[in-house]
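Visitor: Pasting in a structure now, in structure tokens, and then I'll have a few things to ask.
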Amino acid sequence: MKPFLYYRPKTVKDAIAAVASHPDARFIAGGTNLIDLMKRGIVSPEKLVDINHLPLKKIEQKGGFLRIGALALNSEVANHKTVLQKHPLLAQALHAGASGQLRNMATVGGNILQRTRCNYFYDTAFPCNKRTPGSGCGAWEGINRMHAIFGTNEKSGQDSCIAVHPSDMCVALLALDAVVLVTGQQGERRIPFGDFHRLPGDNPELDSNLLNNELILAVEIPDAPLTRHVHYLKVRDRASYAFALVSVAVALEIDQNNIKTARLTMGGVAHKPWRFPEAEKIMTGQPVSESVFQQAAEAAMQGGRALEHNAYKLKLGANAIVQALKTAVGKA
Ligand SMILES: Cc1cc2nc3c(=O)[nH]c(=O)nc-3n(C[C@H](O)[C@H](O)[C@H](O)COP(=O)(O)OP(=O)(O)OC[C@H]3O[C@@H](n4cnc5c(N)ncnc54)[C@H](O)[C@@H]3O)c2cc1C
Ligand code: SF4
């Protein structure tokens, strides 16, 4: 690891100024992703701005929404009384991620901004457009069983990036219509969760639409009657401590056996957490039934495009959607 400067600000303003004053500075929170990347030589920031002393740890219900500070730990959020009561989908997704020890270090902001787990991104012997723009994509002709089936149409071949976003928490936040509150030298702004992460396009090195030097302050989840019929299903190679092959977050509002509201998102399938508005529409207004769930699953996976090794995700994804929906309504 290369030597780096270390600074520990006490205010948000100071933190932003500290990052902005150096061309190669990074915020560090729990460090569970960034330090790994530094040890492996994937990134070598010259300055780390440690944000752990900023007042961004609170989890609080405000009028109409729950605000979760960017420095709230994954374990604190997963076990928080209000989260369990009002947003059990988020608690389920967090519990499915990493391990107890990691969740005790990992923060909400860091989880949102964690980098992909594409093996070729981590192996500097291979080309990678995300690590070194323009160098090519090791996964395109490599082993791509973990890679994307949605959002890969913009570019293909060696110019592309077919990596997936690895977070579990983000899949639930997308389903729950969360908003990310950020601040920077231009002031505060609010980014709907679906607009926060990006598709790779011409800039696979960028994972999100966060501007240089911007800091995540919090995420806000609006109140919604989506507490009872929810489920997060993660399918992975091992029962724990493994990233998703595919994961599904579902949340339904049901009135007398009719689906009033449906939310359906997936992880492990695209460069960003992926939502299925068409499938949600198919379920809305319909009675709760396996055939409706099947139709929604088919519609969801229809636009998927398989690579050489990941065609299994199309079928697995459809099955996982149906299973998650059945579990959410107690009919699994
Ligand atoms: C072995 C292992 C297994 C894992 N398994 C899973 C899993 O199954 N599911 C899953 O979802 N995750 C998994 N993870 C990832 C883990 O959840 C992330 O490493 C963690 O959430 C990152 O949070 P952090 O606070 O440690 O971030 P850091 O490593 O400190 O930072 C990550 C990035 O976010 C930036 N950053 C952090 N906070 C802010 C902020 N407030 N504003 C702006 N930028 C910020 C940093 O600059 C850095 O670029 C795993 C990790 C490991 C090591
Ligand atoms: S899929 Fe993306 S992250 Fe993986 S090697 Fe290709 S460019 Fe790099």
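Visitor: Please tell me the relative contact order of the chain in percent, rounded to the nearest whole number, where contacts are Cα pairs under 8 Å and at least six residues apart.
Guide: Across the chain, relative contact order equals 16 percent.
Visitor: Then there is this: Around I254, which amide H atoms from residues at least 5 apart in sequence, or from another chain, sit under 5 Å from its own amide H, with H modelled in the peptide plane?
Guide: Counting only residues 5 or more places away or on other chains, the set is K260.
Visitor: Near H22, within a Cβ-to-Cβ distance under 11 Å, what is the net charge of the other residues, with Lys and Arg +1 and Asp and Glu -1?
Guide: Summing Lys/Arg as +1 and Asp/Glu as -1 gives 0.
Visitor: Something else: Rounded to the nearest 20 Debye, what is the dipole magnitude of the range 1-53 about its Cα centre when Lys and Arg each give +1 and Asp and Glu each give -1 at the C-beta? Provide the component values of the computation, followed by the final result.
Guide: Numbers: 8 positive and 5 negative charges, 12 e Å.
With only Lys, Arg, Asp and Glu charged at Cβ, the dipole is about 60 debye.
Visitor: Name the residue from A297, V246, Q256 whose Cα lies farthest towards the positive end of the charge dipole of the range 231-328, charges +1 on Cβ of Lys and Arg and -1 on Cβ of Asp and Glu.
Guide: My answer, from the dipole projection, is V246.
Visitor: Please turn the phi angles of the range 17-34 into ³J(HN,Hα) values with the Karplus equation 6.51 cos²θ - 1.76 cosθ + 1.60 (θ = phi - 60°), one per residue in order, whole Hz, x for glycine and proline.
Guide: 5, 5, 6, 5, 7, 10, x, 10, 10, 9, 6, 10, 10, x, x, 5, 9, 4
Visitor: Quick one: compute the contact order of the range 1-99, relative version, from alpha carbon pairs under 8 angstrom and 6+ residues apart, as a percent.
Guide: Over the range 1-99, the number comes to 24 percent.
Visitor: Also: Determine, for M283, M105, M38, M266, the number of other Cβ atoms within 10 Å of each Cβ, and report the residues in order from fewest to most.
Guide: Least to most surrounded, the residues fall as M105, M38, M283, M266.
Visitor: While we're looking at this one, here's another question. Can you list residues from other chains, or at least 5 along the same chain, whose modelled amide H is less than 5 Å from the amide H of I28?
Guide: Counting only residues 5 or more places away or on other chains, the set is V49, D50, I51.
Visitor: Applying the Karplus parametrisation 6.51 cos²θ - 1.76 cosθ + 1.60 with θ = phi - 60° to the phi angles of the range 221-228, what ³J(HN,Hα) value in whole Hz is obtained for each residue in order, glycine and proline being reported as x?
Guide: Each residue's phi maps through the Karplus curve to give 10, x, 4, 7, x, 10, 10, 7 Hz.
Visitor: Once phi is turned into ³J(HN,Hα) by the Karplus curve 6.51 cos²θ - 1.76 cosθ + 1.60 with θ = phi - 60°, what whole-Hz value does each residue of the range 115-121 show in order, with x for glycine and proline?
Guide: 7, 4, 9, 3, 4, 6, 5
Visitor: For the chain, how big is the tail of P(r) above 29 Å, as a whole percent of Cα pairs?
Guide: Cα-Cα pairs in the chain separated by more than 29 Å: 37 percent.
Since every read-out is calculated from the coordinates, none of them should be taken as a lab result. Everything numeric here is computed off the predicted structure, so don't read it as measured data. Don't worry about glycine lacking a Cβ; one is built from the backbone with ideal geometry, like all the others, and counts go over all protein chains shown.
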